[in-house]
Structures are given as structure tokens and as C-alpha cells.
Amino acid sequence: MDQDAPTILETLIEETRAELENTQRELKEIRLTVTQSRSELEKLTQRNAQITAQLRQMQANLESLPRADIKAAYDAAQDAQQRLFAMRGQVEKLQGDQTNLERLAEYMRRNLQTLEAMAAEQAPARGGAGGDGKPMIVRIVEAQESERQKLSRQIHDGPAQALSNFVLQSEIAMRLFEKDQDLARQELANMKSAATATLQKIRDFIFDLRPMMLDDLGLTPTVKRYVDAFKDKSGIATTLTVTGQERRLESVREIMLFRGLQELLGNARNHAQATQIRVSLDTDDTRVRVIVEDNGKGFDVEAAFSGPQRTIGLAGLKERIELLGGALQIDSQPGQGTRVVMDVPAGDAA
């Protein structure tokens, strides 16, 4: 098994690199399609403006024009409006797809960097087995697949469902234009409201998936924003205390600590039934420490690290922290709340 572990890691890196290259190819293609669609949209916009101007001229001479010419002009105007509306929707969808692919490519680049860092820095641990007898790299692969399944469910239940509704609403609106333009406008207004709400959900989803400010500004500003957002959405009284130096860390350390904080806050909200949470972040020259305390119902720590499910949750977090040369300390008892400390070496500056 020890001999197979490095091969598994190398295969995982190769597969991730191949997926990234495929995503980049798709991104290049969709950028070209967006450019072409924008050009077509501009032509349709100009065409619609010309037809509108012609209609205004006709309105001044309606009595002298044949009814057939008037009907043909209005039919052409309606057709131009429908084409313009459809093209605008197509461009907006393509732009949304482009943004999502760009986010995905960035996420995969960071994921590849993390895997390569593990291969370079944790070579002695590749063949090491965890408490359930599985090699560490196998547990890493399982954790990655678990995250992919979770991501797939979230996309299916959220953005994918919303886009399906938009397609249906757009078809309804286009049909209403032929019968009742007032109802069509109301349907478009409903679509706009739904699109605004969905856009905010997608932004929240992207931030949870991979906040860009983690790459741009680092761990401390991202933690501040995330804790504020968590407090607003959960309604739980949550405080954050930041001490020590505010500096950049290696990307893999910032990612691990941020993901750990996400998981701990999620546990406090979803399982502990906490009403108060205290978060502290302390950074010095050699160590970074994140502490999450809650007044929830607590749990049996030993039970959380035993049994067939130990590769997920806190057990998985403990292993990821240890991969960085750090330690995870958990103090909890049923009915007495929970205190979790993530303590990792600061490493070299980013």
C-alpha cells in the first residue's frame, strides 16, 4: 500500500490538471461565443431601432396607408422585439456561464496548487494510515469526492433549478407578447425580481465555494467578512476577535484554516443549536491560531473520532490540520458547549 500511495497522488494531480485544461478550453470557446453573440445583439438592437423609427413615421400617415402594410410593419416590429429579447437572454446566460467557468477554473487552479504542495511537503506521510487503516492519500481523495458530491447537489438544487425556471418564464413572456403585452411586462418584472434574488444566492454560493478575496486580501479580511455574513444569515450572536499580525500566509494554509472555520461555524449552527459563538484569530511570526467557542449542546469528543464515519467532519478536519504540521484541540461535553482550537505553523510568508 505504501508503494501505491504516491502513484495515487500523482494520478490525482494529473486528473486535476487535465480537468483544468479542459475547463480552460471550454472557457476559451465560450468567450468567443459571447463575443459573437454580443455582435449579433448589437445588430438586432440597431434593427429594432430602425423598425421603431419606421413605425413612428407610419403613425403620422396611418389613414393613407393600406391595412396590409400597417399589419406587416407591426408584425415585423413584434418579431424584431422578440428576437432582441431572446438574444439578450442568450447573451446574459452566456455571460453567466463564462463567469461560472472562470470561477471554476480558479478553484481548480488552487486545488491543483494544494495537491502539489501536499506532494512536495508531505511525502513522508503519503503512505501513513489513519485510525481506520486507510492510507492518508486515500482519505484525501475520499474527502475531495465528498466535497464534489456536495457541490453537485448544491448546484442542482440552487442555480440549476433557478435557470430552468428562467427558461420557462421567458417562454411564457414571449407567448404573452402576442396576446397581452401588459401581462408580458408583469411576467418580465417577476423574472427580474427572481433573477436578482438568484444572483445574490449565486454570489453567496460562490463566496462559500471559493471567496476571491481570500486570494486577493488574505485570511484575516476574509474571516471578518465571513463571520459578519454568518451572523446576519444565521441570526446567531457571533463575535470575532483578531489579534497579532495581519499578514499573508501560504495559500494552502489560508485555505485550510478558512475551510476549517466554515466547518466549525456550520457545526455550531446546524448541530450544536448554539445561540452564541465566539471566534478569535491570532497570528504571530510562527503560529496561527483560530478558536471557535459556542454555548451549544456539546457532544462526546471520543465518539466523534471513532466508527466508520471518522473520515468526515471533525475527524477529517483534524487530519487536514495535521497535514500542515498543526494540531486540533477539542473541548466539549454534552450540555456544556464546545471549544475548538486550530493551531498551525505560520510557514513562509506568501
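Put simply, of LEU217, LEU281, LEU240, LEU264 the only residue that is closer than 21 Å to ILE330 by Cα, surrounded by fewer than 20 Cβ atoms within 10 Å (Cβ to Cβ) and aliphatic (A, V, I, L, M) is LEU240.
No other residue among ASN22, ASN61 is loosely packed, with under 15 Cβ neighbours inside 10 Å, over 27 Å from GLU187 (Cβ atoms), without any contact (Cβ under 8 Å) to a residue 60 or more places away in the chain and within 27 Å of the chain's Cα centre (by Cα) apart from ASN22. Scanning the stretch 1-29 for residues that are charged (D, E, K, R) and either at pLDDT below 85 or not in a helix (DSSP H, G or I) (or both) gives ASP2, ASP4, GLU10, GLU14, GLU15.
Total residues in the stretch 64-85 satisfying the condition of being loosely packed, with under 10 Cβ neighbours inside 10 Å and either small (Gly, Ala, Ser) or not assigned by TED's automatic domain parsing to the domain that holds MET191 (or both): the figure is 2.
Note on the stretch 175-195: residues that are surrounded by 14 or more Cβ atoms within 10 Å (Cβ to Cβ) and touching a residue at least 40 places away in the same chain (Cβ under 8 Å) total 1.
Being more than 23 Å from ARG110 (Cβ to Cβ) and modelled with pLDDT of 90 or more: is that true of ASP331 here? Answer is yes for this residue. Yes or no: LEU151 more than 24 Å from GLU322 (Cα to Cα) and either of a type in the set (Lys, Arg) or at pLDDT below 70 (or both)? So LEU151 fits the description; yes. For the stretch 174-185, filtered to residues that are more than 17 Å from ALA86 (Cα to Cα) and in a helix (DSSP H, G or I), the residue that is modelled with the lowest pLDDT is LYS179.
Yes/no per residue for (1) more than 15 Å from ALA346 (Cβ to Cβ); (2) modelled with pLDDT under 90; (3) basic (Lys, Arg); (4) not assigned by TED's automatic domain parsing to the domain that holds LEU317:
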{"site": "PRO221", "(1), (2), (3), (4)": "yes, no, no, no"}
{"site": "LYS224", "(1), (2), (3), (4)": "yes, no, yes, no"}
{"site": "VAL227", "(1), (2), (3), (4)": "yes, no, no, no"}
{"site": "LYS233", "(1), (2), (3), (4)": "yes, yes, yes, no"}
{"site": "THR238", "(1), (2), (3), (4)": "yes, no, no, no"}
{"site": "ARG247", "(1), (2), (3), (4)": "no, yes, yes, no"}
{"site": "GLU250", "(1), (2), (3), (4)": "no, yes, no, no"}
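Filter the stretch 243-253 for residues that are over 27 Å from ARG269 (Cα atoms) and over 23 Å from the mean Cα position of the chain (by Cα); which is surrounded by the fewest Cβ atoms within 10 Å (Cβ to Cβ)? Residue satisfying both the conditions and the ranking: GLN245.
The values are calculated or read from the model by the stated rules, or taken from the named source; none is laboratory data. The structure presented is a predicted model; accordingly, all values stated were derived computationally and were not measured. Virtual Cβ from ideal backbone geometry, glycine too; neighbours counted across all protein chains shown.
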